[in-house]
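Colleague: Quick one: structure below, then a few questions.
Derivation of every value follows stated rules applied to the coordinates shown; laboratory data play no part. Being a predicted model, the structure only gives us computed values, none of them experimental. In this analysis, Cβ positions are derived from the backbone assuming ideal geometry, glycine residues included, and neighbour counts consider all displayed protein chains.
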Amino acid sequence: MNNNAKIGIFLCKCGQKIEPMVDLPVLKKSVAGVDGVACCDILPYPCLEPGLNEINQKIQELGLNRIIVAGCESRLMLKKFEQKMEANGLQKGQIDVINLRGHVAGVSDLSPKEKAEKGSKLIKASVAEMIAFTPSTRKSVSIERPPVVLGGGIASFAAAHELAQEGIDFMLSIPERDPGVILDHLCKTYPGERTHYPRLKKIIDEVLESPHTTLLQPGKLAGLAGITGDYTLSFAVPDAMTRRQYAAGTIIACLDGELVPPGPEFGYDGKTVLCQPEFEEMLYEEKIPDGHTVFWVCDYETGQPENAQLSARAAFNMGKFILQNNPKAGVVILYNEQMPLPVTAAERKFARKMGIIWVPYDKSVRPILQADFVNFGSINDHLEHELPWDQIVLSPIRKMGEKSRTAAKILGILHEDKEFLSTHHAKVRPEMVGREESYLAGSARYACDLTDALNQGRKAGKKNAEMIKKSRGGALFVPQVVCIVDTDKCVACGQCQELCDCGGIGVAELVGGGLPRVVDPMVCTGGGTCAAACPYNALTLQNNTNAQREARVAALAGQMADHEFVAYACSWAGLPAADNAGNMGLKYDPAIHILGVPCLGQLDPSIMARAFLEGAPGLLLVGCSPEDCHHSFGIDHAWSRVNLMKKLFVFCGFDRRRITLAHADMNKPEELIKTMESFAKAIKALGPIEKTPENMSKLQSIYRLVKSNSRVRLLLSAGLRRPWEHTYRGDQRCALQYEREDFISALKEEFLKSRLETVMTKEKRPFNIRELASYLTEEKKSVAEQLGELVSEGHVNVQYKEGKPLYLSVN
Amino acid sequence: MITFQINDTPVEAEPGWTVLETARHYGIEIPTLCYHEAVSPSGACRLCMVELRDGDWSKLVASCIFPVAEGIRIYTETERIDNVRRWIFEMLLAEVPASPEIREMATQYGVESTRFSVKDPDEDCMVCGLCTRACEEIVGLSAISLMSRGVHKKVGAPFSRPTEVCVACGCCVTICPTGAMRRLIESVRETPEVTLTPLAV
């Protein structure tokens, strides 16, 4: 079976960089005859126009549908190949680039023939992957239903305004419809922004009058299900059991944060010592203060230094307002010296003219309030100066707020228990970043001012409009590498949703018993750790599947000599470091065969097990340092899976060091060489795992266990987080505590079961308990126990002969 | 098909190919520095100069950006070109004296010292812009760009501060022909919270 694969292999001479070092004709001969390979050519430069021309001609002539180019760094070249071959119908995943130059040609002192052999092993592994690969059909996304703007944040109007201007009908859910009231309440969330109100009012009026607007009846958001293009929203109806439901194409959540006053330790009393939002209310409702108003920008002291500039801006705007209306008043802004002033030169000049005084204070001397005066340490003379005050205005503490938290929870965008909604800054390429900015806007996302919130709303509106127009023109397609759920296998355990960092996983339907999960392909970033964690193998990373990787590692491991081993290197640390080492001409042990992987978190434990089953004596996994994982927790997930393998190795009497996790930095290739050399030395000392029937049966059992035992997989993914973290999402728990309690014993039981199954499936004859116990050198009692379980699970049949039970595998 | 000559050998090319691409296809090597197959050419380093002869006059063109044309005669190894390359290397040795890669290449062309004044003995970036093109075209970001003009031109992130736009993919480091990006990237990417301590040898 070769999956209709017609593979074209193109070997690059790369001028003087590959040809003299690697015996290309030998390499060609060795890979040309492999099943599935339709042609193998040596080209001077496959990456330049003439070479690309030849490849494209071959694709048309021979109907090639998979291309392997053995040349240089896939990180740099793959995109060009994908672009140039797109016209011939080749998509992501159908082209593979192997770094012959940087991983084979220059990095060792082997002879050209030996290097050709090493290259051929890597290429054959790629061929195996290509054969196992079934390209998915390109799916278009249809968004017929209207977008819904909800959440009630002020950014709603900016988003709605943008949609209205683009001529798209939308639904808007806001708690209040009177522009006057909306603006009156705005200072509670965005203080010091009065100057923007006239413009904002115009936007609100235009939105409310627009023919594209459908206002939803106010109500509490109760649920959301479905994926982009096919959402079902439900709102609670007061005093009724039923819920109002709406079909939505896209969702824009505009959520505002909450401002709370700092505690009494800042002197807050709600009368003369106020917080900014209250002070602004007072300013406009009652009167302009006469005496000295001191704005204390206390964000460094409240523990939110990142918001100091926001508060300082608000203070500055309010100060301006006071002085414009009452030139006799005094306005001082007291701020921590660490804060860069958030005003322009012109504004500073203006401030001087008006009499707003900016006073920095020593960061090591915290200002102290006393009646009528506030002390602060001066940064000029280190004296404690005093400022007279009649009114102190403190910075607010900014957070997401309970209301927004609840809404975010319902909308499934609350990924981590943090102060704000915005996820970390994703350190991946733009095409891998989720669409957060197109569905989320407002100060609940991160602390921001009104302009920023409105900009976010506008951006979300624009992105949605773009997407909707694209889909209506039939030009919106699902990204190639995204997760898909097999709903027949999904048991709705929700594990993936807890692990997923991009927020692409949600529930399929609103009501019902078990809610099978569904992946929104327009949100999924293709991180893939969820697929590797699924206890029931219900999740697949499309076009980059586990089966593909398994085929590749199996093919590579199967070719390994006694001292040779496989090293997985992640695209963000190990692989660039290895590429750079190759570029710099550094040398390392030729026993190392590097396979790239987007993130180590994508590696299912079954891949690790398979590598050993096929004969690899060792497996090295090189990833980022834990705090620096580009896919947030991928490296931690890999850590847990590696530890699982180590535990199983101990059960089997193999050395735990055979599988090792390593950390690298892309800019420290020399350090990577040390890592690889050290591991290579360890593996050489250990030698291969002897291929005795007993060992093979053990490896087979490990593979069977980690691949398909849902209990072990479930326990593994529940304890995946970093052991030093204090809070865990959902049902997850501290890995260390977990391990001591139940994991090891469960693992022991399940492993014994797996071994029993392996023996019985292989020999296909009835066994009695004593025979099995002595065969596996286990106690009779535990063997009997596990056999009992296997019988009750239906994997093993029991028959009685002379009153004694005999067991036979059902397979 | 366009037919023309490289080093008196007739060659064929499709419209749109450059002289460099055609030459490499026919196994004729032309040295390059600021050129990389993965990104668009820019013709900045002038190392890939070839001589274009027409009758009794000739001119030098940068082969990485010069499109092929019917009947032209290209020479890749002439005295004039050799002279230009040596001049370039001599200037590069003055401009980027700290780059071992450049020094090694220069030695191959018999240039081991420079008559120009060395402004900064630690300089290793020749501002060819390969890294910025890689960041824009391959990665799809523009975390780094060429800043300032003329002799003050340099590579860096906006305001010369670490930028969160940089995803630390290392494409610029891999593509850099002088090895300067290894140093420069550290002032661009945000330093990870945990850094690996170098191991003792």
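Colleague: Starting from 0.36 nm per residue, how many nanometres of slack lie between residue A:243 and residue A:281 once their C-alpha separation is accounted for? List each step's numbers first, then the result.
Modeller: Values: separation 38, 0.36 × 38 = 13.68 nm, distance 3.67 nm.
Taking residue A:243 through residue A:281 to full extension adds about 10.0 nm, to one decimal.
Colleague: Just list whichever of A:698/A:801; A:691/A:780; A:188/A:463; A:698/A:762; A:220/A:462 have alpha carbons separated by over 20 Å in the model shown. Please list the in-between numbers first.
Modeller: Values: A:698/A:801 29 Å; A:691/A:780 26 Å; A:188/A:463 29 Å; A:698/A:762 12 Å; A:220/A:462 26 Å.
Result: A:698/A:801; A:691/A:780; A:188/A:463; A:220/A:462 exceed 20 Å.
Colleague: Determine ³J(HN,Hα), in whole Hz, for all residues of the stretch B:153-164 in sequence, where each value follows from phi through the Karplus function 6.51 cos²θ - 1.76 cosθ + 1.60 and θ = phi - 60°; x replaces Gly and Pro.
Modeller: Using θ = phi - 60°, the values come out as 4, 8, 9, x, 8, x, 6, 6, 10, x, 10, 7 Hz.
Colleague: Hey, what angle do you get for helix A:308-325 against the long axis of chain A, alpha-carbon based, 0 to 90 degrees rounded to 10?
Modeller: So the inclination is approximately 20 degrees.
Colleague: Using R₀ = 30 Å, calculate the FRET efficiency as 1/(1 + (r/R₀)^6) where r is the Cβ-Cβ separation of residue A:486 and residue A:451; round to 0.05. Walk me through the numbers before you get to the answer.
Modeller: Details: r = 46 Å, r/R0 = 1.53.
Given R0 = 30 Å and the Cβ-Cβ separation, E is 0.05.
Colleague: Can you give me the long-range amide H partners of residue A:440? Hydrogens built in the peptide plane at 1.01 Å from N, cutoff under 5 Å, separation of 5 or more residues or another chain.
Modeller: The answer is A:253.
Colleague: Sort A:749, B:112, A:802, A:436 so that the residue with the fewest other Cβ atoms within 10 Å of its own Cβ comes first and the one with the most comes last.
Modeller: Fewest to most other Cβ atoms nearby, the residues stand as A:802, B:112, A:749, A:436.
Colleague: Using a simple spin-label model with points 7 Å from Cα along the Cα→Cβ vector, what separation in nm is obtained for residue B:145 and residue A:789?
Modeller: 6.1
Colleague: How far, in nm, would the chain grow between residue A:685 and residue A:3 when pulled straight, counting 0.36 nm per residue and subtracting the alpha carbon separation? Could you put the intermediate results ahead of the total?
Modeller: Working: separation 682, 0.36 × 682 = 245.52 nm, distance 4.02 nm.
So the extension gain works out to 241.5 nm.
Colleague: Can you classify the stretch A:576-693 as rounded, prolate or oblate using the Cα gyration tensor, where a ≥ b ≥ c are the square roots of its eigenvalues, rounded means a/c under 1.5, and otherwise it's prolate if a/b beats b/c and oblate if not? Don't jump to the answer; show the numbers that get you there.
Modeller: Details: a/c = 2.15, a/b = 1.27, b/c = 1.69.
Because a/c hits 1.5 or more and a/b fails to exceed b/c, the stretch A:576-693 counts as oblate.
Colleague: Subtract the Cα-Cα distance of residue A:111 and residue A:782 from 0.36 nm times their separation in residues, and report this length gain in nm to one decimal.
Modeller: Net length gain for the segment: 236.1 nm.
Colleague: To the nearest 0.05, how large is the calculated FRET efficiency for residue B:160 and residue A:695 if R₀ is 41 Å and r is the Cβ-Cβ distance? Don't skip to the answer; put the middle values down first.
Modeller: Numbers: r = 58 Å, r/R0 = 1.42.
It comes out at approximately 0.10.
Colleague: Arrange B:77, A:54 by Cβ neighbour counts within 10 Å, fewest through most, would you? Intermediate values should be presented prior to the final figure.
Modeller: Working: B:77 13, A:54 16.
Result, fewest neighbours first: B:77, A:54.
Colleague: A follow-up question, please. Report, by chain and number, residues whose modeled amide H sits under 5 Å from the one on residue A:594, excluding near sequence neighbours (fewer than 5 apart, same chain).
Modeller: Here the answer is A:567, since their amide H atoms fall under 5 Å of that of residue A:594.
Colleague: Would you please name the trypsin sites (Lys or Arg not before Pro) within the stretch A:153-241 that are DSSP coil residues with at most 16 other C-beta atoms within 10 Å of their C-beta? Don't jump to the answer; show the numbers that get you there.
Modeller: Details: sites: A:177, A:188, A:194, A:199, A:201, A:202, A:220; in loops: A:177.
Within the stretch A:153-241, the qualifying trypsin sites (Lys or Arg not before Pro) (loop, at most 16 other Cβ atoms within 10 Å) are A:177.
Colleague: Whole Å is fine, so just give me how far the alpha carbon centre of the stretch A:669-721 lies from that of the stretch A:197-237.
Modeller: A separation of 53 Å, based on Cα centres.
Colleague: Here is a further query. Report, in debye and to the nearest 20, how large the dipole of the stretch A:275-331 comes out about its Cα centre when Lys and Arg carry +1 and Asp and Glu carry -1 on their Cβ.
Modeller: Values: 4 positive and 9 negative charges, 69 e Å.
It comes to approximately 340 debye.
Colleague: Still on this structure: For the stretch A:483-541, which semi-axes, largest first and in whole Å, follow from the square roots of 5 times the eigenvalues of its Cα gyration tensor?
Modeller: Values: eigenvalues 54, 32, 18 Å².
That gives 16, 13, 9 Å for the three semi-axes.
Colleague: Specify whether the C-alpha gyration tensor of the stretch A:754-794 places it in the rounded, prolate or oblate class, a ≥ b ≥ c being the square roots of the eigenvalues: rounded for a/c under 1.5, otherwise prolate if a/b is larger than b/c and oblate if not. Spell out each step's value before the answer.
Modeller: Numbers: a/c = 1.68, a/b = 1.04, b/c = 1.62.
Oblate, since a/c reaches 1.5 and b/c is not below a/b.
Colleague: Another question, if that's okay. Provide, in order from the shortest bin, the percent of all Cα-Cα pairs of chain B in each 5 Å bin, continuing until the bin that contains the maximum pair distance.
Modeller: 1, 7, 14, 16, 16, 14, 12, 9, 5, 3, 1, 1, 0
Colleague: Sticking with this one: Run the simple label-point estimate for residue A:748 and residue A:62 please: 7 Å along Cα→C-beta, distance reported in nm.
Modeller: 5.6
Colleague: If you don't mind, there's one more thing I want to ask. Tell me which aspartates and glutamates have Cα within less than 14 Å of residue A:328's Cα, excluding those fewer than 8 residues away on the same chain?
Modeller: Cross-link targets: A:290, A:390.
Colleague: Using unit Cβ charges (K, R positive; D, E negative) and no other charged atoms, how large, in debye to the nearest 20, is the dipole of chain B about its Cα centre?
Modeller: Working: 19 positive and 28 negative charges, 119 e Å.
Its charge dipole is roughly 580 debye.
Colleague: Calculate how many DSSP beta bridges within the protein assembly as shown are antiparallel, expressed in % of all such bridges and rounded to the nearest 5. Can you show the working numbers first?
Modeller: Working: 56 of 117 bridges.
About 50 percent, rounded to the nearest 5.
Colleague: Quick check for me: using +1 on Lys/Arg Cβ and -1 on Asp/Glu Cβ, what's the dipole size of chain A about its Cα centre, in debye to the nearest 20? List each step's numbers first, then the result.
Modeller: Numbers: 96 positive and 98 negative charges, 543 e Å.
Once rounded to the nearest 20, the dipole reads 2620 debye.
Colleague: Set Lys and Arg Cβ to +1 and Asp and Glu Cβ to -1, take the dipole of the protein assembly as shown about its Cα centre, and tell me which of A:215, A:697, B:52 lies farthest positive.
Modeller: A:697
Colleague: On to the next question. Give the cross-link partners of residue A:674 among the lysines, using a straight C-alpha distance below 20 Å as the criterion and excluding same-chain residues fewer than 8 apart.
Modeller: Result set, ordered by chain and number: A:587, A:684.
Colleague: Could you calculate the FRET efficiency of residue A:380 with residue A:222 from 1/(1 + (r/R0)^6), where r is the beta carbon distance between them and R0 is 56 Å, rounded to 0.05?
Modeller: Values: r = 58 Å, r/R0 = 1.04.
That pair, residue A:380 with residue A:222, gives E of 0.45.
Colleague: Once both labels are modelled 7 Å past Cα along the beta-carbon direction, what's the residue A:134-residue A:345 spacing in nm?
Modeller: Result for the modelled spin labels: 6.6 nm.
Colleague: Neighbouring Cβ atoms within 10 Å as the yardstick, rank B:74, A:673, B:2 fewest first.
Modeller: B:2, A:673, B:74
Colleague: Considering the dipole of the protein assembly as shown built from charges on the beta carbon (Lys and Arg +1, Asp and Glu -1) around the Cα centre, which of A:14, A:455, A:89 is farthest to its positive end?
Modeller: So the residue furthest toward the plus end is A:89.
Colleague: Determine the shape class of the protein assembly as shown: with a ≥ b ≥ c the square roots of the Cα gyration tensor eigenvalues, call it rounded for a/c under 1.5, and otherwise prolate if a/b is greater than b/c, oblate otherwise.
Modeller: oblate
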